[in-house]
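The values are calculated or read from the model by the stated rules, or taken from the named source; none is laboratory data. These figures come from a predicted structure and were not determined experimentally. Note that we place each Cβ from the backbone using ideal geometry, even for glycine, and neighbour counts take in every protein chain shown. Side chains included, ligands, DNA and RNA excluded: accessible areas come from the protein's heavy atoms. Shrake-Rupley method; radii C 1.70, N 1.55, O 1.52, S 1.80 Å.
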Amino acid sequence: MFKKILVANRGEIAVRVIRACRELGIPSVAVYSDVDRAALHVLRADEAYLIGRAPASESYLNIGRILDRAQQSGADAIHPGYGFLSENPQFARACRDAGITFIGPSPEAMELMGSKTRARQQMEKAGLPFVPGTSRGLSSLAEAQQVAAKIGYPIMLKAAAGGGGKGMRLARNASELASAFDTARSEALGAFGDDEVYLEKAIPNPRHVEIQILADEFGNTVYLGERECSLQRRHQKVLEESPSPALTPEMRQQMGETAVKAARAANYANAGTVEFLVDASASFYFLEMNTRLQVEHPVTELVTGLDLVQLQIRIAAGERLPFSQDQIRLRGHAIECRIYAEDPEKDYFPSPGRITDLSEPSGPGIRLDSGIYPGWKVPLEYDPLLAKLIAYGEDRQQTMARLERALGEYFVAGVKTNLGLFRRILADQDFVAGKTDTGLLARLTAPGQEPAATDAKLATIAAGVFTLLNALNGNSTARNGAGTDRSQPSSQASPWKEAARSEALE
Ligand code: MV4
């Protein structure tokens, strides 16, 4: 087993990985940028090292600096989390060259899946169902129009180096394709440094269902059920659940076995996710494979009872999978909400700032993977994900009830959050009925949909009460301790608290 693990990430996922290290008895090393000196992951790790200035390119994406810190601290493995360097084959290769184990798949598997066209060729060779379209880059508009005419419009233009919907364009006919082609190419070049684009038949109103797989370095590969991720906004997932309300046990098995075949075709080891589109008639198609631990991995952990991060570490250390497919049991239901610092009244624009007060949910069936604490200032340089609230229950009904109860216990002051959106999702008839299609979030987040007037007022009053209660608690301690009787709340309260209090009294 490893002697020490460096966690090349920040926020809730770095905290999550540090927890796995602690349980395995492995010392952990955090790295941090200038603005993350007091971040939660720094406080939780056994050691921490500064790696650079706030821009990610100078810190969390700085391969040389991170490897230096690994060597300096005596770490013999690096966990990349998600995002940042997690799907960068050059980083995985640099780790290998430095004699440090990258906790994840091989650089070769990452390269294969990083090119969406190469991945499609490989799936075609392995005989797996994938969305009809081209499996190599389009060399000209004429070629694109020829293929599109053959498979039929509407089509999607996608960047081969993209993924996750970035740089994707819909064309409903030949003239739309003509106007989209050159822009798609130059956008792909700008965003990914590679102008290769390909096309797929557009699947109308698809569901996004992904299969978690786990593979050891001895060729043992298993699937761990699915995650329904159709609630997305601008290609950002907002809520994920397992099992998917749209899958039958037969589909689950078919998709699971297809995902295992896809992983085998890529000679894949460690944790990975195979994404599928599911159409209205329940046919499924390979979309892409993500070669990292995903944000939404906790829903799979809850329904399988497994610790995916510990298993990643053990696989990377050369251990065999400790179970086979027939030993995996899926039980109950899990739903995850991604809690972001963003302003619902400004079209969910990021809203970083200082966390002035915090009340966190707990209790039966509630898991909170959080990266914040009161007094911490959420920096504006990175993704504004604050925490993931995950509910677990025997069935979807109980899970929704627990989630709703937990949302009522959750209070974040100082930054705007999307917490209110989840209360409305849970109150939505379509969501309750399991009809989690793409249109649902668009409807709930459309401008004017926000019941801002009443909710915002109520939230402000609640904030005022919360602040007063805190201040009063502080007073009683002071009275008992030092004999001072401050009948007014502390004069050191922040301007925010003062504002909230006066608004509440108003
Ligand atoms: C598609 C598609 C329709 N047809 N590909 C890919 C990544 C994901 N974030 C969005 N992607 C899509 N790819 C073809 N050939 C529609 C989407 C899509 C989507 C898919 C599932 C759930 C929500 C979605 C929201 C927007 C677009």
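Okay, residues lined up against (1) in contact (Cβ under 8 Å) with a residue 24 or more places away in the chain; (2) in contact with a Leu (Cβ under 6 Å, 6 or more places away or on another chain); (3) surrounded by 14 or more Cβ atoms within 10 Å (Cβ to Cβ); (4) under 26 Å from Ser230 (Cα atoms):
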site	(1), (2), (3), (4)
Leu386	yes, no, yes, yes
Gln397	no, no, no, yes
Ile425	yes, no, yes, yes
Leu444	no, no, yes, yes
Ala463	yes, no, yes, no
Phe466	yes, no, yes, no
Item checked: region 198-219, residues that are touching a Phe, Trp or Tyr at 6+ places or on another chain (Cβ under 9 Å) and either part of a loop (DSSP other than H, G, I, E, B) or open to solvent by 10 Å² or more (accessible area, probe 1.4 Å) (or both) -> Lys201, Ala202, Ile203, Pro206, Arg207, His208
Notebook entry, point to check: Do we have any residue at all in region 249-271 that's away from the ligand (no atom under 16 Å from the Cβ), in contact (Cβ under 8 Å) with a residue 24 or more places away in the chain and assigned to a strand (DSSP E or B)?
Noted result: yes
Check: What number of residues within region 150-182 satisfy the criterion of being open to solvent by 60 Å² or more (accessible area, probe 1.4 Å), touching a residue at least 12 places away in the same chain (Cβ under 8 Å) and part of a helix (DSSP H, G or I)?
Finding: 1
Margin query: If I ask for residues that are within 22 Å of Arg443 (Cα to Cα) and open to solvent by 70 Å² or more (accessible area, probe 1.4 Å), which ones from region 348-366 would you list?
Written below: Phe349
Margin query: Being in contact with a strand residue (DSSP E or B) (Cβ under 7 Å, 6 or more places away or on another chain), farther than 26 Å from Lys377 by Cβ and surrounded by 13 or more Cβ atoms within 10 Å (Cβ to Cβ): is that true of Thr417 here?
Written below: no
Note to self: Given (1) within 24 Å of Ser115 (Cα to Cα); (2) away from the ligand (no atom under 15 Å from the Cβ); (3) in a loop (DSSP other than H, G, I, E, B), identify the lone condition not met by Gln146.
What the structure shows: (3)
Check: In the set Gly127, Gly81, Gly137, which member is under 25 Å from Ala14 (Cα atoms) and in a loop (DSSP other than H, G, I, E, B)?
Finding: Gly81
Notebook entry, point to check: Mind checking which pairs have a first residue in region 115-141 that is under 24 Å from Leu177 (Cα atoms) and a second that is open to solvent by less than 40 Å² (accessible area, probe 1.4 Å) and among the β-branched types (Val, Ile, Thr), Cβ under 7 Å, 6 or more apart or different chains?
Noted result: Val131/Ile203; Thr134/Val147; Ser135/Thr117; Arg136/Thr117; Gly137/Thr117; Gly137/Val197; Leu138/Val197
Next item on the list: Only one of these is more than 30 Å from Thr183 (Cα to Cα), open to solvent by 20 Å² or more (accessible area, probe 1.4 Å) and in contact with a helix residue (DSSP H, G or I) (Cβ under 6 Å, 6 or more places away or on another chain): Ala98, Ala54. Name it.
Entry: Ala98
Next item on the list: State all residues of region 367-384 that are within 21 Å of Pro350 (Cα to Cα), touching a helix residue (DSSP H, G or I) at 6+ places or on another chain (Cβ under 9 Å) and open to solvent by 40 Å² or more (accessible area, probe 1.4 Å); if no residue qualifies, say none.
Entry: Tyr373, Lys377, Leu380, Glu381, Asp383
Check: Leu61 is checked against (1) within 25 Å of Ile355 (Cβ to Cβ); (2) open to solvent by 60 Å² or more (accessible area, probe 1.4 Å) and fails just one. What number does that condition carry?
Finding: (1)
Check: Within region 13-47, which residues are open to solvent by less than 10 Å² (accessible area, probe 1.4 Å) and charged (D, E, K, R)?
Finding: Asp36
Margin query: Can you pull out every residue in region 183-197 that is touching a helix residue (DSSP H, G or I) at 6+ places or on another chain (Cβ under 6 Å) and either within 16 Å of the ligand (Cβ to nearest atom) or assigned to a strand (DSSP E or B) (or both)?
Written below: Val197
Checklist line | Where Arg314 falls short, out of the listed (1) of a type outside the set (Gly, Ala, Ser); (2) more than 16 Å from the ligand (Cβ to nearest atom); (3) under 30 Å from Ala459 (Cβ atoms); (4) surrounded by 18 or more Cβ atoms within 10 Å (Cβ to Cβ) | finding: (3)
Notebook entry, point to check: Name the residues in region 149-178 that are touching a helix residue (DSSP H, G or I) at 6+ places or on another chain (Cβ under 6 Å), under 20 Å from Pro204 (Cβ atoms) and within 13 Å of the ligand (Cβ to nearest atom), would you?
Noted result: Ile155, Leu157, Arg169, Ala171
Next item on the list: Kindly indicate whether any position in region 229-236 is modelled with pLDDT under 95 and either over 24 Å from the mean Cα position of the chain (by Cα) or in a loop (DSSP other than H, G, I, E, B) (or both).
Entry: yes
Check: What are the residues in region 280-311 that are open to solvent by 30 Å² or more (accessible area, probe 1.4 Å), within 16 Å of the ligand (Cβ to nearest atom) and over 18 Å from the mean Cα position of the chain (by Cα), if any?
Finding: Ala280, Ser281, Ala282, Ser283, Tyr285
Notebook entry, point to check: In this structure, does Ala54 turn out to be in contact (Cβ under 8 Å) with a residue 60 or more places away in the chain, among the aliphatic types (A, V, I, L, M) and touching a strand residue (DSSP E or B) at 6+ places or on another chain (Cβ under 9 Å)?
Noted result: yes
Margin query: Which count do you get for residues in region 212-234 that are on the phi < 0 side of the Ramachandran plot and within 10 Å of the ligand (Cβ to nearest atom)?
Written below: 6
Notebook entry, point to check: In this structure, is Leu321 open to solvent by less than 30 Å² (accessible area, probe 1.4 Å) and of a type outside the set (Asp, Glu)?
Noted result: yes
Note to self: Any residue at all in region 202-211 that's within 16 Å of the ligand (Cβ to nearest atom) and of a type in the set (S, T, N, Q)?
What the structure shows: yes
